[in-house]
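The values are calculated or read from the model by the stated rules, or taken from the named source; none is laboratory data. Just so it is clear, the structure is predicted and the values come from calculations on it, not from any experiment. Counting neighbours? That spans all protein chains shown, and the Cβs are built from the backbone with ideal geometry, glycine included. Only protein heavy atoms, including side chains, enter the accessible area calculation; ligands, DNA and RNA are left aside. Shrake-Rupley method; radii C 1.70, N 1.55, O 1.52, S 1.80 Å.
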Amino acid sequence: MAAKKKAKPASGSTAASAVCERCGGYGYYLDEGNIARPCDCGMYEQVVRRGSRVRNSGIPVRFMDKELDTFQHQKGDRTRAQIVQAARAYARSFRKDESEGLLLRGKPGSGKTHIAVGILKEVLRRGFTGHYTNFNDLLSRLRDSYNRGSLESEAELLAEMEESDLLVLDDVGAESATNWVRDRLYLIVNRRYESARALLVTTNCGEEQLRAHVGERTASRLYEMCSQDFPLFPDQDYRLANLR
Ligand SMILES: [Zn+2]
């Protein structure tokens, strides 16, 4: 290997490697009286923004504590270890506007939402924007938006699904497949496709089942946008196993 030249900073990260001496990059430092003070290096604002991104991401309270680190509950559980590894690799290499999406497949209760939320939180911590929505909940909100006096319009909801760098669409395929539902899903998927934004879909359906459920045009978009290389989630009920 050729001798290493002086390392060039990665494009776009101007002096990002210089960690603040006062707060060590945490945004806070302890003063003489051991009281935490916000640092004026700019990190404090970043930390607050990232925190509020997580709070505003739509992740339900019951999933808020889900992290990639807490998924593998038994030592030597190779399938779960592989899932966590793949999830981490995805979150770490996530890039705006060119990130491939993911399709997480497995039986109900196998932990897909946990991993989807874990990935989303990692991506948010890296400074990207992201949004979580359960597909059935979204459909209810869309239906409600047609009511007179509704606080949100369908256009606003669809725009919300388009905005963020990463959208998690949880549990696609559990809804009843009407033409209206299929059209809404297509609108969401296709808009993200056209604006080259990543989509993470979880589903209990196998490939053919999903194709039949969401329709051919949505399925082919989904398969084009989302990598299917992610390990299949194990069969045993993760929620039950977690209760033991
Ligand atoms: Zn600082």
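Here is a list: S57, S52. Which entry is at pLDDT below 85, open to solvent by less than 60 Å² (accessible area, probe 1.4 Å) and away from the ligand (no atom under 16 Å from the Cβ)?
Step by step, each of S57, S52 is checked, and only S52 is at pLDDT below 85, open to solvent by less than 60 Å² (accessible area, probe 1.4 Å) and away from the ligand (no atom under 16 Å from the Cβ).
Can you find even one residue in the stretch 21-28 that is among the small types (G, A, S) and either open to solvent by 70 Å² or more (accessible area, probe 1.4 Å) or more than 16 Å from the ligand (Cβ to nearest atom) (or both)?
Among the residues of the stretch 21-28, not one is among the small types (G, A, S) and either open to solvent by 70 Å² or more (accessible area, probe 1.4 Å) or more than 16 Å from the ligand (Cβ to nearest atom) (or both), which makes the answer no.
Go through R78, R105 for me and flag whichever is within 18 Å of D235 (Cα to Cα) and modelled with pLDDT under 85.
Step by step, each of R78, R105 is checked, and only R78 is within 18 Å of D235 (Cα to Cα) and modelled with pLDDT under 85.
For the stretch 193-202, give me each residue that is touching a helix residue (DSSP H, G or I) at 6+ places or on another chain (Cβ under 6 Å) and either closer than 12 Å to V214 by Cβ or at pLDDT 95 or above (or both).
Matches in the stretch 193-202: L199, L200, T202.
Which one of these is open to solvent by less than 10 Å² (accessible area, probe 1.4 Å), within 20 Å of N136 (Cβ to Cβ), without any contact (Cβ under 8 Å) to a residue 60 or more places away in the chain and not hydroxyl-bearing (S, T, Y): V189, V201?
The conditions single out V189.
Between L139, L104, which is closer than 17 Å to A198 by Cβ, of a type outside the set (S, T, Y) and either open to solvent by 30 Å² or more (accessible area, probe 1.4 Å) or not in a loop (DSSP other than H, G, I, E, B) (or both)?
L104
Can you work out which of the residues in the stretch 30-42 that are at pLDDT 85 or above, open to solvent by 50 Å² or more (accessible area, probe 1.4 Å) and within 13 Å of the ligand (Cβ to nearest atom) is farthest from R95 (Cα to Cα)?
In this case the residue turns out to be L30.
Quick check: anything in the stretch 113-123 of a type in the set (A, V, I, L, M, F, W, C) and in a loop (DSSP other than H, G, I, E, B)?
Checked against the condition, which is being of a type in the set (A, V, I, L, M, F, W, C) and in a loop (DSSP other than H, G, I, E, B), the stretch 113-123 yields no hits at all.
Kindly indicate whether any position in the stretch 67-86 is open to solvent by 50 Å² or more (accessible area, probe 1.4 Å), in contact with a strand residue (DSSP E or B) (Cβ under 6 Å, 6 or more places away or on another chain) and either assigned to a helix (DSSP H, G or I) or within 13 Å of the ligand (Cβ to nearest atom) (or both).
Looking through the stretch 67-86, none of the residues is open to solvent by 50 Å² or more (accessible area, probe 1.4 Å), in contact with a strand residue (DSSP E or B) (Cβ under 6 Å, 6 or more places away or on another chain) and either assigned to a helix (DSSP H, G or I) or within 13 Å of the ligand (Cβ to nearest atom) (or both).
Looking at the stretch 208-230, which of the residues that are assigned to a helix (DSSP H, G or I) and in contact (Cβ under 8 Å) with a residue 60 or more places away in the chain is nearest to E175 (Cα to Cα)?
Applying the filter and picking the extreme gives L222.
For the list (1) assigned to a helix (DSSP H, G or I); (2) of a type outside the set (V, I, T); (3) more than 21 Å from N204 (Cβ to Cβ), I need the number of the one condition that G149 fails.
If we test G149 against (1) assigned to a helix (DSSP H, G or I); (2) of a type outside the set (V, I, T); (3) more than 21 Å from N204 (Cβ to Cβ), just (1) comes out false.
Among the residues in the stretch 161-169, are any open to solvent by 40 Å² or more (accessible area, probe 1.4 Å) and of a type outside the set (D, E)?
no
What pairs come out if I take residues in the stretch 40-56 that are within 10 Å of G25 (Cα to Cα) and pair them with residues that are within 11 Å of the ligand (Cβ to nearest atom) and of a type in the set (S, T, Y) whose C-beta lies under 9 Å away, six or more apart or interchain?
Final answer for the pair search is M43/Y26; M43/Y28; Y44/Y26; Y44/Y28; V47/Y26; V47/Y28.
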